[in-house]
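These notes are about the structure you will find just below.
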Amino acid sequence: MLKRKLNLNMEHFYSSGLFLTTEEQLVLLTSLPVLQQENKFSSVAFLGKIFGTENDYYIAQGRGEDFIRNKMSFYSTDGYTWRLLFPPAEDSLKYFHLIRTRFTGDPTSKHRYHGRDGNEKAEIKEEHRLSAFLKLMDFETAIGPKNSLMITPKGIINKNPYFKGLPVDEALKLESYLHYRLPDSDVSFAPTTLICPPGGDRALQFLEPINRDYPPGESNSIHVHKNRNLMMNR
């Protein structure tokens, strides 16, 4: 399953020149199942590769019992050894956008930046910056089709075993895609009272659709692959 997913993803990036080599894929096919087994994750996903000036980062994410709440991010510089990325501190998220330099590929290096007033100087460890980047990226780009997740009576979010994909006409609509994140009120069924339409199924309609993103109509767009078996959201 993992091999098929990795190969599928690579096919869509060949034209850009940014993809994993055969050697890199083989390394990940070896290390990611070990990462999943050692941490008892229900699933592990390879999120991508961050290019640095001296070395690169491979990024993976494991999920536990709850598909959205129980997830952990990891990074590796060789594809074999994975290190846990702890949740970023508030300051790392607050000042992340002030850093203009590229990642180096050395998690112990430090990046200097100017404060909001332009005079104050501070620095942040690259590992902390990487953690903040992953947190913000996950918040903005973790997206999936509607009805693909379900929430149990105990409030646990799981993959919907009955979901087989979207019909083509539905797949072309922005409202058919949801953010894989909970609204501000993360308390069992509480979010569904705000999102689920009258008469809707609260077990399935509890996440935010991407067509509500700001600015309306400009944040996302659906692109159809020429053979119509792939929809890309940009």
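Out of Leu29, Leu20, which single residue is more than 16 Å from the chain's Cα centre (by Cα) and either in the same structural domain as Ile156 (by the TED database) or open to solvent by 30 Å² or more (accessible area, probe 1.4 Å) (or both)? Lay out the reasoning, then the answer.
Values: Leu20 fails: either in the same structural domain as Ile156 (by the TED database) or open to solvent by 30 Å² or more (accessible area, probe 1.4 Å) (or both).
Just a single option satisfies the conditions, and that option is Leu29.
Output the residue which, of all residues in region 37-54 that are in a strand (DSSP E or B) and either at positive phi or basic (Lys, Arg) (or both), is modelled with the highest pLDDT. Steps first, answer last, please.
First, pick out the residues of region 37-54 that are in a strand (DSSP E or B): 43-50.
If we keep only those that are either at positive phi or basic (Lys, Arg) (or both) too, we end up with 48-49.
On the way: Gly48: 90, Lys49: 93.
Per the stated criteria, the residue is Lys49.
Quick check on this structure: which one of Glu140, Glu127, Glu90 is farther than 25 Å from Leu29 by Cβ, open to solvent by 20 Å² or more (accessible area, probe 1.4 Å), under 21 Å from the mean Cα position of the chain (by Cα) and at pLDDT 95 or above? Break it down into steps so the answer makes sense when it comes.
On the way: Glu140 fails: at pLDDT 95 or above; Glu90 fails: at pLDDT 95 or above.
Being farther than 25 Å from Leu29 by Cβ, open to solvent by 20 Å² or more (accessible area, probe 1.4 Å), under 21 Å from the mean Cα position of the chain (by Cα) and at pLDDT 95 or above holds for just one of Glu140, Glu127, Glu90, which is Glu127.
Kindly provide the set of residues from region 50-69 that are open to solvent by less than 70 Å² (accessible area, probe 1.4 Å) and within 30 Å of Gly155 (Cα to Cα), ordered by number. Talk me through it step by step, then tell me what you get.
Filtering region 50-69 for residues open to solvent by less than 70 Å² (accessible area, probe 1.4 Å) gives 50, 52, 55-64, 66-68.
Scanning region 50-69 gives Ile59, Ala60, Gln61, Gly62, Arg63, Gly64, Asp66, Phe67, Ile68.
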So Gly79, is it more than 14 Å from Gly105 (Cα to Cα) and among the small types (Gly, Ala, Ser): no
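When you look at Leu136, is it closer than 30 Å to Lys94 by Cα and out of contact with any strand residue (DSSP E or B) (no Cβ under 9 Å at 6 or more places or on another chain), yes or no? Let's see the steps before the verdict.
Values: closer than 30 Å to Lys94 by Cα: yes; out of contact with any strand residue (DSSP E or B) (no Cβ under 9 Å at 6 or more places or on another chain): yes.
Criteria met by Leu136.
The values are calculated or read from the model by the stated rules, or taken from the named source; none is laboratory data. Model, not experiment: these values are computed from the prediction. Positions of Cβ are backbone-derived with ideal geometry, glycine not excepted, and every protein chain shown enters the neighbour counts. To get the accessible areas, we keep the full protein, side chains included, count just its heavy atoms, and leave off ligands, DNA and RNA. Shrake-Rupley method; radii C 1.70, N 1.55, O 1.52, S 1.80 Å.
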